[in-house]
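The values are calculated or read from the model by the stated rules, or taken from the named source; none is laboratory data. These figures come from a predicted structure and were not determined experimentally. Methodologically, a virtual Cβ is constructed for each residue, glycine included, from the backbone with ideal geometry; neighbour enumeration extends over all protein chains shown.
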Amino acid sequence: MTKKRGFEIVKKYQNKGINLPVRQTKNAAGYDIESAEDFVVPSMWKFGVLNVIKFIFGKGKIDDTKTKEIQKNIKPVLVPTGVKAYMQDDEVLIIASRSSNPLKRGLSIPNGIGVVDADYYNNEGNEGELFIQLINFFPFDYTVKKGERLAQGIFIKYLTTDEDEGGLKKRQGGFGSSGI
């Protein structure tokens, strides 16, 4: 039988107690994706958000050095999951936040959703491990525990246009590798 879609544990996390994503109920669309290890998601507030607000309202000054420091520190983190996903060529895995993340943990996926293309799996430059991109807007750091459910993955078929000329290059890397 040919495998159509599913999840596998990446080599780095073999024999480390990683759970493959599962749906929690019969009618759930999403497969809950867990953290592969304990991981601290720093509060965006402790790295100068107040300084940025002061600057916006003209009460402070931010020079180029300070701007670079803020950009470096107020950014999302990538939480490892220890799993990768395989799917058909005309499918995509959408990574969506769990609804409890913002309310209970102060965590959010900053780009709204993550898009995992079929060619992310086992390409030349990357095994395809999924990472959950998170930002913490609570005023204190949040420690994600290994096995904590952070996101849900939903497999979806997609359509292309009649004149589609995509697919002219081959993916050779990991997170963000098809971009600039």
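Tabulated data for the structure shown
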quantity: Identity of the residue in the range 9-50, buried (at least 18 other Cβ atoms within 10 Å of the Cβ) and more than 24 Å from SER100 (Cα to Cα), that ends up modelled with the lowest pLDDT; calculated: GLY48
quantity: Breaking point among (1) at pLDDT 90 or above; (2) not in a strand (DSSP E or B), for GLY173; calculated: (1)
quantity: Candidate set from the range 106-159 (those that are outside any strand (DSSP E or B) and touching a Phe, Trp or Tyr at 6+ places or on another chain (Cβ under 7 Å)); member that is farthest from GLN88 (Cα to Cα); calculated: PRO139
